[in-house]
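Okay, structure first, notes after.
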Amino acid sequence: MEQTDVVEEGVEMGRLANRIGVVTGAAQGIGRAIAISLAEEGADVVLGDIDSQGLQETARAVSALGRQARTVVGDSTEAEVANALVDVAVQDLGRIDILVNNVGGARVGKIWEFSDEDWDFVIRLNLRSMFCCTRAATPHMIAQRSGRIISISSGARHGSPWQSYYLGASAYSTSKAGIHGFTRDVALELSEYGINVNAVAPGPILTERGREYFSAHEQDEYSAKKMTPLRRYGEVKEISDVVTFLASDEASYITGQTIDVNGGR
Ligand SMILES: NC(=O)c1ccc[n+]([C@@H]2O[C@H](COP(=O)([O-])OP(=O)(O)OC[C@H]3O[C@@H](n4cnc5c(N)ncnc54)[C@H](O)[C@@H]3O)[C@@H](O)[C@H]2O)c1
């Protein structure tokens, strides 16, 4: 028998019922999957991205689940955009319970050829959006004495053999290791306020963007698939499920952790 939690007036309640979440980088890939997963569990969401068309598609998918979605188009490494994401959550939807710092990405190049500009871009993209959004969200979470902050790191925080060996990925690995340090420190700062701070470190995940890279490098000696003990790429849902778990009451005693979701590497 299929069971759903149904309470008052026929409204279906999930694990995140009545929670408000903010997700950055929600126009595609892992961010979109996270937005949908939070909504499936009953959360209303504010979605941020620089890609307004993709953002609208994610918002439509959230609305189709009967949840509210608001969108903020802009570069969330800018403090004004990060502040706007949190302001829309608080002013329009009433509060902010969950912040998912998903924005991130790589530029690759061997270290002896890597430009100052590329280094700064990668470090900023992976760390500054997380910093600005977390700084904006925490006063509200402190005031309500609850909250969940979840950032997306990467298996690259330990080095990423497939990318590094062939292309060079030191800036990306450096920044994703930084997310782990940020998570541990901020978890301690916020522990007395009932706010849990964690990260998820995905292995190679099949996204719209990643698919092309993975298939081009499938035959490499150190390909992502060969280097992954489960011998397959991950699905976006396998990441969003863990993020949703960390946002839920079931994860109430987990903080300061980076959870590897990487097929065993
Ligand atoms: N896909 C993987 O295999 C994988 C593995 C490990 C970690 N990750 C991490 O997971 C996260 C999501 O990855 P993905 O593969 O879904 O990426 P993606 O490139 O498919 O999506 C990233 C989204 O962020 C948006 N974005 C980029 N810069 C932005 C900015 N400055 N401000 C606002 N939005 C911006 C993009 O428009 C895009 O919609 C990233 O942090 C990535 O580093 C991905």
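The values are calculated or read from the model by the stated rules, or taken from the named source; none is laboratory data. As the structure is a computational prediction, the values presented were derived from the model and not from experiment. So basically every Cβ, Gly included, is an ideal-geometry build from the backbone, and we count neighbours across all protein chains shown. Quick note on the areas: whole protein, heavy atoms, side chains included, nothing else; ligands and nucleic acids left out. Shrake-Rupley method; radii C 1.70, N 1.55, O 1.52, S 1.80 Å.
Grab the beta carbon distance between residue 120 and residue 218, set R0 = 22 Å, and tell me the FRET efficiency rounded to 0.05. Intermediate values should be presented prior to the final figure.
Working: r = 32 Å, r/R0 = 1.44.
After rounding to 0.05, the efficiency reads 0.10.
Inverting the mean 1/r over all pairs of different Cα atoms, compute the Kirkwood radius of segment 112-265 and quote it in Å.
Numbers: mean 1/r = 0.0605 Å⁻¹.
16.5 Å is the Kirkwood radius here.
Between 0 and 90 degrees, rounded to the nearest ten: what's the tilt of helix 116-144 against the longest Cα principal axis of the chain?
20
Starting with the highest mean, order 190-198, 150-158 by the number of other Cβ atoms within 10 Å, averaged over the residues of each peptide. Write down the numbers at each step before the final one.
Numbers: 190-198: 18.7, 150-158: 24.7.
Descending packing order for the listed peptides: 150-158, 190-198.
Would you work out what percent of the accessible area of segment 149-265, with all protein chains in place, is carbon or sulfur (probe 1.4 Å)? Mind showing how you got there, number by number?
Working: 2870 of 5500 Å².
The value for segment 149-265 is 52 percent carbon and sulfur by accessible area.
Less than 15 Å Cβ to Cβ from residue 159, Lys/Arg counted +1 and Asp/Glu -1: what total charge do the surrounding residues give?
Working: positive: 110, 157, 176, 265; negative: 260.
Residues close to residue 159 contribute a combined charge of +3.
State in Å² the accessible area per residue of the chain; use a 1.4 Å probe, count heavy atoms of protein chains only, and round to the nearest integer.
Working: 12720 Å² over 265 residues.
Dividing the accessible area of the chain by its residue count gives 48 Å².
Pull up the DSSP beta bridges for segment 1-144 and report the antiparallel fraction as a percent, rounded to 5. All intermediate terms of the calculation are to be shown ahead of the outcome.
Numbers: 2 of 15 bridges.
Given both bridge residues lie in segment 1-144, the antiparallel proportion sits at roughly 15 percent.
Calculate for the chain the 222 nm mean residue ellipticity that helices alone would give, adding -39,500 (n - 2.57) per DSSP H run of length 4 or more and normalising by residue count, nearest 500 deg cm²/dmol.
Values: 8 runs with 117 residues, N = 265.
Dividing the helical sum by the residues of the chain leaves -14500 deg cm²/dmol.
Using only the alpha carbons of the chain, what is the convex hull's orientation-averaged projected area in square nanometres? Don't skip to the end; give the middle numbers.
On the way: hull surface 59.8 nm².
Its Cα hull, projected and averaged over all orientations, spans 15.0 nm².
Only Lys, Arg, Asp and Glu count, each charged at its Cβ (+1, +1, -1, -1), so figure out the dipole size of the chain about its Cα centre, rounded to 20 debye.
Numbers: 25 positive and 36 negative charges, 127 e Å.
The calculated dipole for the chain is roughly 600 debye.
Please give the charge dipole size of segment 155-265, origin at the Cα centre, charges +1 on K and R Cβ atoms and -1 on D and E Cβ atoms. Round to the nearest 20 debye.
On the way: 11 positive and 14 negative charges, 88 e Å.
In debye, rounded to 20, segment 155-265 gives about 420.
Mind checking the angle between helix 52-64 and the chain's longest principal axis? C-alpha axes, 0 to 90 degrees, to the nearest 10.
For helix 52-64, the angle is close to 40 degrees.
Output the peptides 41-48, 119-126 sorted from most to least packed, where packing is the average of other Cβ atoms within 10 Å over each peptide's residues. Numbers along the way, then the final one.
On the way: 41-48: 25.4, 119-126: 18.5.
So the order, starting with the most tightly packed, is 41-48, 119-126.
Considering only DSSP beta bridges where both residues belong to the chain, give the percentage that are antiparallel (nearest 5). Write out the running numbers ahead of the final one.
Working: 2 of 31 bridges.
Percent antiparallel among DSSP bridges in the chain is about 5.
Round to the nearest 10 and give me the degree value, 0 to 90, for the angle of helix 79-93's Cα axis relative to the longest principal axis of the chain.
The helix 79-93 is inclined about 30 degrees to the chain.
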